[in-house]
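Read-outs: derived from the displayed coordinates by stated rules, not from any lab. Computed from a predicted structure; not experimentally measured. Every residue, glycine as well, gets a Cβ built from its backbone with ideal geometry; the counts of neighbours run over all protein chains shown.
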Amino acid sequence: MEQLSSDCNGLGRQNNLAKRLDRLKRFRRDENGSMTMFAIFAFICMLMVAGIGIDLMRYERDRAKLQNTLDRAVLAAADLDQTTDATTVVNDYFTKAGIGQYLTSVTVNEGIGFRTVSANAKSTLNTFFLSLVGIDELSAPAAGTAEEAVGSVEISLVLDVSGSMGSNSRLTRLKPAAKEFIDTVLSTSQEDNVSVSIIPYSTQVSAGASLLSKYTVTDEHAYSNCVNFTSSDFDTTALSTVDTLQRTGHFDVWNEYEDPVDGIRQPVCLTDSYAQILPLSSDQTVLNNYIDALQAEGNTSIDIGMKWGSALLDPSTQGVVDSLINDGEINDGFSGRPTAFRDGSTLKILVLMTDGQNTAQYMLRDDLRAGDSDVYYNAEADRYSVEYVSGSTTQYWWPHDDDWHDHPYGEGIYEACESVWVSTGYTYRRGRYRETGYYQTECSEQQEAGTSVRLSYPELWNQASLQWNADNNYSYSYNRWNDWYYDAYTYNGSSTKDTRTHNICAAAKTAGIIVFTVGFEAPSSGQAVLADCASSDSHHFDVDGLEISDAFESIAASISKLRLVQ
């Protein structure tokens, strides 16, 4: 029984073991539980990936907000219409977005016609899940640069140098104001971004030989370099290089003198280098030296100054500029200027200054502009002779001996006669001796020195003023003043010139030129012309004394804030 019981226990243990082994075999073969562990593992991985994704989404959210805020900030700050300080604008954007602590730097570079704003920012994000793999924080950087700029700035500085500018120290005060303007617009601009042309004007505007040679001009003389415009020329800013322009006659209306060696002293078209147009320059030294050399003389022709000033901003002048570049007269960085009007990238500025109002502009009578005159000149003897033809008789007036002859002085022998006293003795009368006698004419042949040369009208007007010519060469004529002074020239008066000024100013503004005007102690009529010419009331300055510097400073500041809107 004990043996049977023992055997039964052993058999039971074997059966239990067999059952366990059988269950293990069934478990091994049962695929229903094989995915449970993998599922658990995969779930844990998914939680990790999702957590990392959450951290990355939080990072991207902060980075996008940071970058978007920075982009909006620098764009607003770079706007040339923005009057608030650029750095303040950027800071304000970040503060209002609630992320001001993340802005690390703001850099501003600005000048005439451009503004560049750069900014950098950086935020730090504490991670939730990436810390499980050793990444405790993520840094979100943001950087951006915005720029608004016009491609170029073209300036015409049209300055009054008439005689009245010499009064009350006006020219003396103008010079530092104009130089400060030049320094401001050039020192705050990018290289070759700003070009400045200076157009001094008085009775006329001297283009200078180099500039005028690029146009088609009549060739009566080469003493000076001005042209007479017609009324229709003031209806447009363009100046054709093909259509023939009439060269201004070289003559002096006002003064009574002659100088056969050095020429007339005050021609209507000035010949001095300071009076010539200085086209398209960015050299501060050249421009400032040019302004320092200005002098005051002559009448006032605002219309002609405006015509040349606007022409040097008109794209029709591109060929002229390129030709002057080839001649070495202009910086080659200005090739292609003046640019097209309203091209979307160029500011065209004209600054017009005067202390007066339009006055008379003089032109020689057409038949006195070229050809032979009736006047002969003997340089060696410094003697004039004037031919006078009456029917078949030709005579020559010699002003130096106030008499007529049959040839000009210097072409032969002439009989010189004088009245000589002939004494016949003495007579005693009333207690004293008195000489008696009579006068008789004695003549002798004289060899004329030198050679007489017939002068052309340009040659005559280059060495004698209209008044001197009338007073001396035509002293035999009672009508000399009408014939050889008043009737020798025509003129455009202030009314005509005011109309021309209005027309050229209107053409300039219509084309897109921004016109600033400065009335420097000018009379009311002059101020009215300038106010009408300016782009707006705020573009006109009525100044006295040292206020001239404030006006030019204000204009320079305004240019730096302008934005060309197309």
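Sort largest first and round to whole Å: the equivalent ellipsoid semi-axes of segment 375-490, each the square root of five times a Cα gyration tensor eigenvalue.
Details: eigenvalues 303, 69, 34 Å².
Calculated on Cα positions only, the semi-axes equal 39, 19, 13 Å.
Go ahead and collect, in residue order, the members of segment 442-467 whose backbone nitrogen is under 12 Å from a label point 7 Å along the Cα-Cβ direction of residue 403. Residues 442-446 qualify, since their backbone N sits under 12 Å from the label point. How much FRET efficiency would the formula 1/(1 + (r/R0)^6) give for residue 274 and residue 419, where r is the Cβ-Cβ distance and R0 is 60 Å, rounded to 0.05? It comes out at approximately 0.65.
Considering the convex hull of the alpha carbon atoms of segment 279-416, report its projected area averaged over all viewing directions, in nm², one decimal. Display every interim value, and only then the final one.
On the way: hull surface 62.9 nm².
Mean projected area for segment 279-416: 15.7 nm², to one decimal.
Using amide H atoms built 1.01 Å from N in the peptide plane, name the residues 5+ places from residue 198, or on other chains, whose amide H lies under 5 Å from its own. The answer is 157, 278, 280. Counting Lys and Arg as +1 and Asp and Glu as -1 over every other residue whose Cβ lies under 12 Å from the Cβ of residue 525, the net charge comes to -1. Computed over the alpha-carbon atoms, segment 484-566 gives an Rg to Rh ratio of 1.10, Rh here being the Kirkwood radius from the mean inverse distance. Between beta-carbons, use under 12 Å as the cut-off and find the net charge around residue 370, counting Lys and Arg +1, Asp and Glu -1. It works out to a net charge of -3.
In this simple spin-label approximation, residue 370 and residue 327 carry label points 7 Å from Cα along the Cα→Cβ vector, and these lie 2.1 nm apart. Within the straight-line cut-off of under 14 Å between alpha carbons, the aspartates and glutamates reachable from residue 509 are 235, 314, 532, 537, sequence neighbours fewer than 8 places apart in one chain being disregarded.
Modelled this way, with points 7 Å down the Cα-to-C-beta line, the labels at residue 235 and residue 544 are 4.2 nm from one another. Whole-Hz Karplus values for segment 257-271 come out as 6, 9, 8, x, 8, 8, x, 5, 8, 9, x, 5, 10, 5, 9 Hz, taken residue by residue from phi with 6.51 cos²θ - 1.76 cosθ + 1.60 and θ = phi - 60°; glycine and proline positions read x. Pairwise Cα distances in segment 316-374 exceed 13 Å for 76 percent of all pairs. Counting only DSSP beta bridges with both residues in segment 334-473, the antiparallel share comes to about 100 percent. In order along segment 533-541, phi translates into HN-Hα couplings of 6, 5, 5, 7, 4, 6, 8, 10, 10 Hz, rounded to whole numbers, per the Karplus curve 6.51 cos²θ - 1.76 cosθ + 1.60 with θ = phi - 60° and x for Gly and Pro. Its Kirkwood hydrodynamic radius, worked out from the mean inverse distance over all distinct Cα pairs, puts segment 181-220 at 13.1 Å.
Given a Förster radius of 51 Å and the C-beta distance between residue 486 and residue 447 as r, what FRET efficiency does 1/(1 + (r/R0)^6) yield to the nearest 0.05? List each step's numbers first, then the result.
Working: r = 39 Å, r/R0 = 0.77.
The calculated FRET efficiency here is 0.80.
When you count, for each residue, the other Cβ atoms within 10 Å and take the mean per peptide, how do 292-298, 420-426 rank with the highest first? Walk me through the intermediate numbers first.
Details: 292-298: 17.3, 420-426: 9.6.
Final packing ranking: 292-298, 420-426.
Which entries in 96/122; 179/497; 175/307; 175/348; 65/96; 348/497 show an alpha-carbon gap greater than 21 Å?
As for pairs spanning more than 21 Å Cα to Cα, those are 179/497; 175/307; 175/348; 348/497.
Residue ranges 390-403, 436-449, 215-228 sort as 215-228, 390-403, 436-449 when ordered by packing (mean number of other C-beta atoms within 10 Å per residue, highest first).
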